[in-house]
1. Cut-off 11 Å, label point 7 angstrom out along Cα-to-Cβ of L171: give me the residues of region 267-291 whose amide nitrogen falls inside.
2. Direction-averaged shadow area of the convex hull around the Cα atoms of region 46-120, nm²?
3. What shape does region 381-421 have by the C-alpha gyration tensor, where a ≥ b ≥ c are the square roots of the eigenvalues, rounded means a/c under 1.5, and otherwise prolate means a/b greater than b/c and oblate the rest?
4. Please compute the Kirkwood hydrodynamic radius of the chain from all pairs of different C-alpha atoms, in Å with one decimal.
5. Dipole of region 184-264, Cα-centred, from +1 at each Lys and Arg C-beta and -1 at each Asp and Glu C-beta, to the nearest 20 debye?
6. Order of R185, R436 from fewest to most other C-beta atoms within 10 Å?
7. Output the 0 to 90 degree angle, nearest 10, between the alpha-carbon long axis of helix 58-107 and the longest principal axis computed from the alpha carbons of the chain.
8. Rounded, prolate or oblate for region 332-440? Axes are the square roots of the Cα gyration tensor eigenvalues, ordered a ≥ b ≥ c, and the cut-off for rounded is a/c under 1.5.
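Please treat every number below as a calculation from the coordinates, not as lab data. Quick caveat: nothing in here was measured; it's all calculated off a predicted structure. Virtual Cβ from ideal backbone geometry, glycine too; neighbours counted across all protein chains shown.
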Amino acid sequence: MWKQWKTLVPYLRPHRRAFVIAMLCGAAAGAASGFGAPFFMQRVFAGFFEDTGAEHSFGYQIFIASLLPGIFFVRGVSLYANQYLLNRVGQSVLLRLRKDLFDHLQRLHLGFFERERSGDIVARLAADTTQIQNTVIILIKEGVLQPFIFLGGLGFLIFLSAREAEIGFLLLLFAIVPLMIVPVRLIGRHLRRRGRQMQDAFGDVSEAISENLRAAAEVRAFNREEHESARFEARLQAYFAYAMKMTKYYIMTQPLMEIVAVTVLSTAFLYAYNQGLGSSVFLAMGGGLYFTVDAVKRLARALNEWQRTEGAFARVRQVMDAEPMIQDPKDPVEPGAAEGAVTFRGVSFTYGEQTALHNIDLSIEGGTVCALVGPSGAGKSTFSKLILRFYDPTVGSILLDGHDLRSMQLADLRERIAYVPQNPTLFNDTVANNIRLGREDATDAEVEAAARAAHAHDFIEALPEGYATNVGENAGRLSGGQRQRLALARAFLRSAPVLILDEATSALDSASEEKIRDALRRLIRGRTVLIVAHRFSTIELAERILVFEGGRIVADGNRDEVLTHPVFRELSDKQ
Ligand SMILES: Nc1ncnc2c1ncn2[C@@H]1O[C@H](COP(=O)(O)OP(=O)(O)OP(=O)(O)O)[C@@H](O)[C@H]1O
Ligand SMILES: [Mg+2]
């Protein structure tokens, strides 16, 4: 437990001041209830009801009567401040934890997201962190407050024991504490296991939701509504089952400990009666005993709370500890002005088990326009992604202008590349902001020029709010071809030395494609361009054609040189 708790310490450290104030307020509240209330009881009973002969002035009566409201006022105000500050600390921990987790996700390589399930990651960011926050609040609240209440009660008991020469109650207290620890230990084991299962099951629920939302069209087209509902219910049921298994143990602690506590109080009663203790002494001592025992009970519950959260904590740690495989080097080279020369030296690449590229050796001079052709699954997209260093080659190296990609800062590398992926993603934002992804500081005029080059200006103008129109989640309000043109406009705006277009015009009609080709013709001057395309009209732009098959480049040269190759022939015959 301490090892895990230690990783939370950096999150708590900035709140030391709030923590100290909360602690002082907790101490005041603890003293008020641990010491003040029993003290009051004793005053009232011994001073007023037992000693019936005594006369008390009305003023003294008022003083005694206002003692209890006074004690509870102090307790109320300090508890309020205590809780407010602790909740603030808890919320701050949650904020930082989520932010760190999100920041870490930004640094992880693509392979991580191909392995993990996005809905489950959302659950870790949302539900698991919330669970941790709740526990942090309970732990620091009880961990700060209850020891004071315990010490207050204990001090009072010791004080009374000394005054009355009566240590029975103290001995009882020392007997009870170990007894109360037993249920915590027994139950804790189950809480840990069930807590983890429960959080995992919630990850499954979250995953089912996010997948279903992504597949809204497929679910309807393939009549999968009922199947999806059944699948979701099964996951909800699994979650329910784990939640109940957890609850079964979680709610057991409280009654178990109360039974132990009350048994001890009854023993105290028996003991007091047989010792012939007066009612005021019994009440005062019993009160002190009650508060100390209650403090132990609450501490034990906080401990259980932590055990319950260990699963959530482990799930968050799993993401936090995932190593970003693609990182900036320690001593990055200063790449200087880019020519855009790309070199592959003996590059092989394997996704997990699937080898996608075999021993690729080639040099592309700066300013060359290359077309990448070949059947589906031949490795064209993989080749492009390696240049962006989404992955590192399994064997061999890739160089940009003579620098190994791994020796450059990632930002330097990617700044030099404009990339349109095969399935571009648009943000739920305005058209203009989506294009500005290419270059954040671009003026409106530059955005418009890029849109014109991507043959997108006319359709954007026709949108209800033009460039200010919100495109919806992943541009759900646009057509496939319109989306593709916005992605192209981004690349045009970026004007980087290397341009990579992975089937960037595949969704366009030939008239639009032709217009974009004209724009491209102007744009590609002086740049290294890699165009993955099936259409031969696009390939015409290229000076060099790389023919891929089964992860190998089987032909490489200008159009006339590759024309005779059977793979190229097969591709061209079908058009
Ligand atoms: N993320 C991945 N994880 C595992 N295997 C992958 C992954 N991406 C691609 N592959 C595999 O690598 C091979 C090459 O894929 P790639 O996407 O590079 O092909 P491609 O030539 O771009 O095909 P297409 O023309 O269909 O886009 C394929 O066999 C594919 O199954
Ligand atoms: Mg591809």
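1. No residue qualifies, since no backbone N sits under 11 Å from the label point.
2. Working: hull surface 36.6 nm².
Dividing the Cα hull surface by four gives the mean projection, 9.1 nm².
3. Values: a/c = 1.83, a/b = 1.05, b/c = 1.73.
Oblate, because a/c is 1.5 or more while a/b does not exceed b/c.
4. Working: mean 1/r = 0.0336 Å⁻¹.
Kirkwood radius, the chain: 29.8 Å.
5. Values: 13 positive and 10 negative charges, 117 e Å.
Roughly 560 debye, rounded to the nearest 20.
6. Numbers: R185 11, R436 22.
In order of increasing Cβ crowding within 10 Å: R185, R436.
7. 20
8. Working: a/c = 1.78, a/b = 1.24, b/c = 1.43.
It is oblate, given that a/c is not under 1.5 and a/b is not larger than b/c.
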